[in-house]
């Protein structure tokens with residue numbers, strides 16, 4: 001048998017590590033090629049790591065909740081008929097462990113440190129990444145200490161560099177009592193031919209037992225109690241906790257205001273009904289309304305580039321690329337926002353393929369971390385659930401988000417050269433939420449009106 005090293009795959013340019021959340025296989029299990037072996041999580045997305053080969057899982061090198069860097073070997077798989085064997089990292093691991101143990105013994109000779117208490121991070125209202133939590137546990141940083149660290153990350157979050165700097169600063173503080181100063185020794189000058197003995201000075205250095213500072217008592221996690229004994233108490237899952245934190249932070253950051261406009265999309269509905277079968281036959285993709293709306297939004301952003309910005313302190317960052325976030329509901333009820341990169345450079349066919357691909361992989365939990373980052377403007381379709389319109393919360397650090405309402409048949413006044421008359425039209429509401437710190441009502445209103453103009457000006461004779 002040949003040994004194959006299963007490594008943590010590259011998950012995007014901005015992602016260097018991930019947390020192992022669950023092993024789907026155990027030692028001794030048979031694994032097929034492309035079969036998922038474990039589940040991992042970054043700060044924004046959960047995903048699975050498949051095996052590149054078929055074989056038997058013989059060794060697991062990391063446990064659940066361990067932080068693993070991209071490219072690190074996480075498991076060993078024995079394959080039959082493999083063309084090349086790889087060295088097991090056991091020797092490197094043993095050597096590294098030996099060095100760590102040696103360093104610990106040296107420290108123990110001079111300082112005895114009390115074992116850190118287990119930290120319950122759920123007792124904090126602040127968000128800490130898995131990496132920061134792991135470092136805090138290993139270094140014995142209490143919850144109260146962690147909450148008082150001044151974060152330099154987005155929205156004041158504590159980053160890896162922040163907690164490492166804090167630990168180093170704490171370690172540099174004197175912990176061992178200095179050795180006592182030797183008292184001066186007077187030596188008389190010997191006479192000639194007199195034997196001189198060098199005085200021996202004895203210096204006793206006593207080590208002082210230093211205990212790590214006691215952390216403040218951590219309040220117990222309060223679990224709500226059913227008063228009538230019939231209510232079900234459900235704890236939020238990891239993603240729901242993240243979404244909750246993001247939404248609250250956005251409301252605390254941006255001054256949300258909304259503009260609404262009703263749009264006649266009869267031409268779009270008629271055109272889609274006419275070409276959708278031919279489109280699917282030629283392109284192999286279902287034609288939905290979403291890519292048509294995305295196309296109009298991308299055009300409007302090119303007309304009003306100051307809607308495609310972010311805010312950093314007192315500075316406005318004008319984005320060069322138009323990357324449209326597409327809010328998608330997951331089967332478990334949670335929400336994720338994959339991003340269509342450079343949406344203005346795609347035609348309708350390209351947008352359709354990208355929208356369908358991202359939506360399908362979002363539902364199957366197969367998105368890569370880079371595919372939900374870098375958005376500059378977000379569109380959410382509340383009409384999918386029958387809502388006429390909504391007031392969406394801005395996806396930070398963006399400054400605006402557009403909600404698409406349900407398309408409805410309604411009676412409407414139709415203007416004609418021969419006079420006005422009442423007819424049945426397909427209409428929908430667009431709800432535009434924007435950050436009033438940097439987007440005034442004129443810009444916010446003009447932008448959503450321009451989107452409406454592009455949608456109402458859609459030609460029924462258009463080729464796809």
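A short reminder: the numbers here are calculations on the coordinates, not readings from a lab. Owing to the predicted nature of the structure, the values given are computational and were not obtained by experimental measurement. Note that each Cβ is placed from the backbone with ideal geometry, even for glycine, and that neighbours are counted across all protein chains shown.
Could you compute the FRET efficiency for residue 72 and residue 33, with r as their C-beta to C-beta distance and R0 at 25 Å, rounded to 0.05?
On the way: r = 21 Å, r/R0 = 0.85.
The computed FRET efficiency comes out at 0.75.
So if each residue of separation counts as 0.36 nm, and I subtract the Cα-Cα distance between residue 347 and residue 437, what length gain in nm does that give? Don't skip to the end; give the middle numbers.
On the way: separation 90, 0.36 × 90 = 32.40 nm, distance 3.33 nm.
Length difference between fully extended and current span is 29.1 nm.
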### Query
Once label points are set 7 Å from the Cα along Cα→Cβ at both residue 262 and residue 335, what is their separation, rounded to one decimal in nm?
2.5
### Task
Classify region 338-445 as rounded, prolate or oblate, taking a ≥ b ≥ c as the square roots of the eigenvalues of its Cα gyration tensor: rounded when a/c is under 1.5, otherwise prolate if a/b is larger than b/c and oblate if not.
prolate
### Message
Relative contact order for region 309-464: what percent, with Cα pairs under 8 Å and sequence separation of 6 or more?
### Response
18
### Whole-Å distance, taken between Cα centres, linking region 13-33 and region 399-464
47
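Can you tell me how much longer the chain between residue 53 and residue 415 gets when fully stretched, taken as 0.36 nm per residue apart minus their C-alpha distance, in nm with one decimal? Before the final figure, lay out each step's value.
Values: separation 362, 0.36 × 362 = 130.32 nm, distance 6.57 nm.
Gain in length upon complete extension: 123.8 nm.
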#### Entry: Cα gyration tensor, region 255-456 - rounded (a/c under 1.5), prolate or oblate
oblate
### Query
At a Förster radius of 22 Å, what calculated FRET efficiency corresponds to the Cβ-Cβ distance of residue 462 and residue 286, to the nearest 0.05?
0.75
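Within a 10 angstrom radius of the beta carbon, how do 15, 413, 70 rank from fewest other beta carbons to most? List each step's numbers first, then the result.
Values: 15 17, 413 9, 70 14.
With the fewest neighbours first, 15, 413, 70 line up as 413, 70, 15.
Sort 430, 330, 348 so the one with the fewest other Cβ atoms within 10 Å of its own Cβ comes first.
Numbers: 430 23, 330 13, 348 17.
If I rank by nearby Cβ atoms, fewest first, I get 330, 348, 430.
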### Task
Could you calculate the contour length gain from residue 10 to residue 80, that is, 0.36 nm times the residue separation minus the distance between their Cα atoms, to one decimal place in nm?
22.6 nm
#### Entry: Cβ-based exposure ranking for 236, 294, in which fewest neighbours within 10 Å come first
236, 294
